[in-house]
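The structure under discussion appears below in the form of structure tokens.
The values are calculated or read from the model by the stated rules, or taken from the named source; none is laboratory data. Only a predicted model underlies this, so the values are computations on that prediction, with no experimental measurement involved. In this analysis, Cβ positions are derived from the backbone assuming ideal geometry, glycine residues included, and neighbour counts consider all displayed protein chains. Calculation scope for accessible area: heavy atoms of the full protein, side chains included, ligands and nucleic acids excluded. Shrake-Rupley method; radii C 1.70, N 1.55, O 1.52, S 1.80 Å.
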Amino acid sequence: MSKDILKIEEEKTVDFEFDLIRRNNKLAEENRRIFLENGVRAFDIMGSVGSGKTSLIENIVKILNGKYSIAVINGDLATTIDAERISKYGVKVIQINTGKECHLDANIVRKAIEKIDLKNVNVLFIENVGNLICPSDFKLGVEKRVVVVSVTEGEHVIIKHPLTFLEADIIVVNKIDLAEIMGVDVKKIVKDAKSINPKVKVVETSCKTGLGIDEVIKCLEL
Ligand code: MG
């Protein structure tokens, strides 16, 4: 049986999209400068809904709260569930509800950080909207990009979203306590990550048990 493949990536790159990305990149550079001037180390946490982004931030905050003054921005289409989870730890939390937008952009992050006393914050985690497609195009001005994948997403999750992983600094493979039950080969996920992005750091975690969280903190150089 023959397979017809229609690739739409070339048709998609019309002028207005270039303008949008270029404009966003400029704003992201401004954010980067604002973070630098205020001594804030910012991290973009990306990943699908349910991969464990909020749990990862919770685990890190539990360990580092006190050592650093931490703030968290939670991006979500409609709810405040994640922000409520994080605010229990007494850190500053800003919820962004994006409505129909499937990603955060530099402009919306800029508006959020205007609500934070950046002079008194050392570390900022930005939880992006949950999906592996849109957020990768929109830089936010952060120091590192972290992409969280869960073994429950299946072992092809990385090769199906190459662009997102190409630009990641750290890939967190979460819920590895469920790998066996899901019949997922974690080694394949790690191998795919390294073949797409040889420089990326890959950490296996279970946010449920706390496994690997120290390693993530090490990779963040915190
Ligand atoms: Mg979340």
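Some points to look at:
- Taking the numbered list (1) within 26 Å of Ile86 (Cα to Cα); (2) out of contact with any Leu (no Cβ under 9 Å at 6 or more places or on another chain); (3) at pLDDT 95 or above in turn, Asp192 passes all entries but (1).
- Across segment 128-137, not a single residue is classified as more than 16 Å from the ligand (Cβ to nearest atom), open to solvent by less than 30 Å² (accessible area, probe 1.4 Å), within 16 Å of the chain's Cα centre (by Cα) and farther than 29 Å from Leu178 by Cβ.
- Which numbered condition Phe125 fails, given (1) more than 16 Å from the ligand (Cβ to nearest atom); (2) closer than 19 Å to Val216 by Cα; (3) surrounded by 16 or more Cβ atoms within 10 Å (Cβ to Cβ); (4) modelled with pLDDT of 95 or more: (1)
- Segment 26-67, subset open to solvent by 70 Å² or more (accessible area, probe 1.4 Å) and basic (Lys, Arg), residue nearest to the ligand (Cβ to nearest atom): Lys62
- Taking residues in segment 97-119 that are farther than 18 Å from Ser136 by Cα, and partners anywhere that are acidic (Asp, Glu), the pairs with Cβ atoms closer than 7 Å and at least 6 places apart or on different chains are Asn97/Asp76.
- In segment 188-219, the residues that are in a helix (DSSP H, G or I) and of a type in the set (Gly, Ala, Ser): Ala193, Ser195
- Pair list, Cβ under 6 Å, 6 or more apart: segment 66-85 residue touching a residue at least 12 places away in the same chain (Cβ under 8 Å), other residue more than 9 Å from the ligand (Cβ to nearest atom) and charged (D, E, K, R): Ala71/Lys92
- Selection within segment 68-105 - within 11 Å of the ligand (Cβ to nearest atom) and under 21 Å from Ile217 (Cβ atoms): Val72, Asn74, Asp82, Arg85, Ile86
- Within segment 24-66, tally of residues that are in contact with a Leu (Cβ under 8 Å, 6 or more places away or on another chain) and not in a helix (DSSP H, G or I): 10
- Within segment 138-149, the only residue that satisfies the criterion of being open to solvent by 10 Å² or more (accessible area, probe 1.4 Å) and among the β-branched types (Val, Ile, Thr) is Val142.
- Any hit, segment 146-159, residues being farther than 20 Å from Gly50 by Cα, of a type in the set (A, V, I, L, M, F, W, C) and assigned to a helix (DSSP H, G or I): no
- Hits in segment 187-206 (condition: open to solvent by 20 Å² or more (accessible area, probe 1.4 Å) and within 23 Å of Glu58 (Cβ to Cβ)): Lys201, Val202, Glu204
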